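Written below as structure tokens is the structure these notes are about.
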Amino acid sequence: MKKIIVRLLIALVVVVVLAVLAVSLFLDGAIKRGVETFGPRLTKVDIKLQSVHLSLLSGSGTVKSLVVGNPEGYKTPSAIKVGTANLALKPGSLLSDKIIIKSIYVQGPEITYETDLRHNNLSKILANVQETPSDGQPAPAKPQEPAQPTAAKPSKKLEVDEFIITGGIIHVNVNTLAGQVAAVQVPDISLPDIHLKDLGTGPEGITSAELLKLVLAEIEKSVSQVAAPAVADIGKGAVYLGKSAGNLTSNPVDTVTKGLGGFLKKK
């Protein structure tokens, strides 16, 4: 009799483990599909995610290889690359109307700041997100335009107690002289740590679109501030060289790069 009970208990444990694994795999796939489908509708750029793993028992999760593309007209392959990000949430909140995320920790992201001395890629992505209503749904089509299919409205609200970005690197790429010459790359710059707290702690929480707006706004602000001095020096060099662009006969790319190098050496 004892053997039968032991076998039943073992079988029950196996069934429970398999059920948890099945739910986890389904949830991981759903999160990945959501990021790659819902994200581009907000940012108007491609977003790719290699994998997501979330433990329903511990509430810990890992996101691997997140790549945010660039808006049309920009030349660099991506705007943001994240190798690994870790998160911790309250597992029980997955069944409620508001998911409570204790922390999101992003280590060592690579940010590419591409500018033509007037506009930049990060500001464009942020503007795209800000144009989207807070519920994350595209604006209604105009009467003369056919209605476009939209994604299902996200039903879950979020609370994020801590959102930390640390160890980031900024790649600065400046397209000078209205595209007449090759882009100039500035030595990499360290991204100041970003620490956001108590996002969506009210009863209503925040939507994923609102969270994205807050995080992107902080990234764009920090990147613009630290990249501004180098970009300003390049701008001065571009203006000076632009006045004599007609004299760049043999190799304009080398000439402009050497000229701008003089400004960069001052840093």
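Numbers for the structure displayed
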{"quantity": "FRET efficiency for GLN50 and LYS102, using Cβ-Cβ distance with R0 set to 25 Å, rounded to 0.05", "calculated": "0.60"}
{"quantity": "Per-residue HN-Hα couplings for region 61-66 [Karplus 6.51, -1.76, 1.60; θ = phi - 60°; Hz; x = Gly/Pro]", "calculated": "x, 9, 10, 10, 6, 9"}
{"quantity": "Integer Hz, Karplus 6.51/-1.76/1.60 couplings in order for region 52-60, x for Gly and Pro", "calculated": "9, 10, 10, 8, 6, 7, 8, x, 8"}
{"quantity": "Region 46-91 - percent of accessible surface contributed by carbon and sulfur, probe 1.4 Å", "calculated": "55 percent"}
{"quantity": "Listed residue pairs exceeding 20 Å between alpha carbons, taken from LYS81/LYS213; LYS44/LYS75; LYS90/LYS213", "calculated": "LYS90/LYS213"}
{"quantity": "Nearest-10 value in Å² for the accessible area of LYS90, using the 1.4 Å probe", "calculated": "100 Å²"}
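The values are calculated or read from the model by the stated rules, or taken from the named source; none is laboratory data. The structure displayed is predicted, hence computed values, not measured ones. Cβ atoms come from the backbone with ideal geometry, glycine included; neighbour counts cover every protein chain shown. In case anyone asks, the SASA skips ligands and DNA or RNA and just uses the protein heavy atoms, side chains included. Shrake-Rupley method; radii C 1.70, N 1.55, O 1.52, S 1.80 Å.
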